[in-house]
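A short write-up of the structure that comes next.
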Amino acid sequence: MKVILLKDVKGKGKKDSVIEVSDGYANNYLIKNNLAVPYTKRSKEILDKELDIREKEEENKIKEYNEISKKLNDQIIEFKVKVGEKDKVFGTISSKQISDKLKEMGYKIDKKNIKINGNLSTLGITNVEVELHKKVKFNIKINLIK
């Protein structure tokens, strides 16, 4: 029996995939537990429409992220930090602090999307990568000043 999976099923397939399983497994487990629906002409049409809608939404997100990346690429963001003897910085700048600073500037970027290599604990400019999507990555410059 052919079914369309509504959720990921371990060992069988990912969501939205069409798989062939035995009638008993399909009826008694997959369909009964709302993990799949029988493959019919109508269910295939619904799946295709849903996948088209998701693809268009994904394209729109990528366009939006590209606009943000054009505006922020190589932008310099300054942080005033406390320093001790020989200009040693107290503490480090975290991705949360960078995210908060970007929010102040009008960009809502989650801290999980900000990739810091090493510590931001020295005065001067450091490059930080921001990954909004697998296809949209750009760098911002973090400048630590006294």
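The values are calculated or read from the model by the stated rules, or taken from the named source; none is laboratory data. These numbers come from a predicted model, not from an experiment. Backbone-built Cβ (ideal geometry, glycine too); neighbour counts: all protein chains shown.
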Residue tally, condition at pLDDT below 85 and of a type in the set (A, V, I, L, M), over the stretch 73-92 = 3
Kindly indicate whether residue 63 is touching a residue at least 40 places away in the same chain (Cβ under 8 Å), surrounded by fewer than 16 Cβ atoms within 10 Å (Cβ to Cβ) and assigned to a helix (DSSP H, G or I).
-> no
Note on the stretch 130-146: residues within 17 Å of residue 79 (Cα to Cα) and either surrounded by 12 or more Cβ atoms within 10 Å (Cβ to Cβ) or touching a helix residue (DSSP H, G or I) at 6+ places or on another chain (Cβ under 6 Å) (or both) are 139, 140, 141, 142, 143, 144
Scanning the stretch 110-131 for residues that are in contact with a strand residue (DSSP E or B) (Cβ under 8 Å, 6 or more places away or on another chain) and either of a type in the set (D, E, K, R) or in a strand (DSSP E or B) (or both) gives 114, 115, 124, 125, 126, 127, 128, 129, 130, 131
Residue pairs meeting the criteria (Cβ under 7 Å; at least 6 apart or on separate chains; first more than 15 Å from residue 121 (Cα to Cα) and touching a residue at least 60 places away in the same chain (Cβ under 8 Å), in the stretch 91-103; second crowded, with 18+ Cβ neighbours inside 10 Å and of a type in the set (D, E, K, R)) | none
Find all pairs meeting these conditions: Cβ atoms under 9 angstrom apart; at least six residues apart or on different chains; first residue within the stretch 20-38 and surrounded by 14 or more Cβ atoms within 10 Å (Cβ to Cβ); second residue hydroxyl-bearing (Ser, Thr, Tyr).
-> 21/29; 35/29; 36/29; 37/43
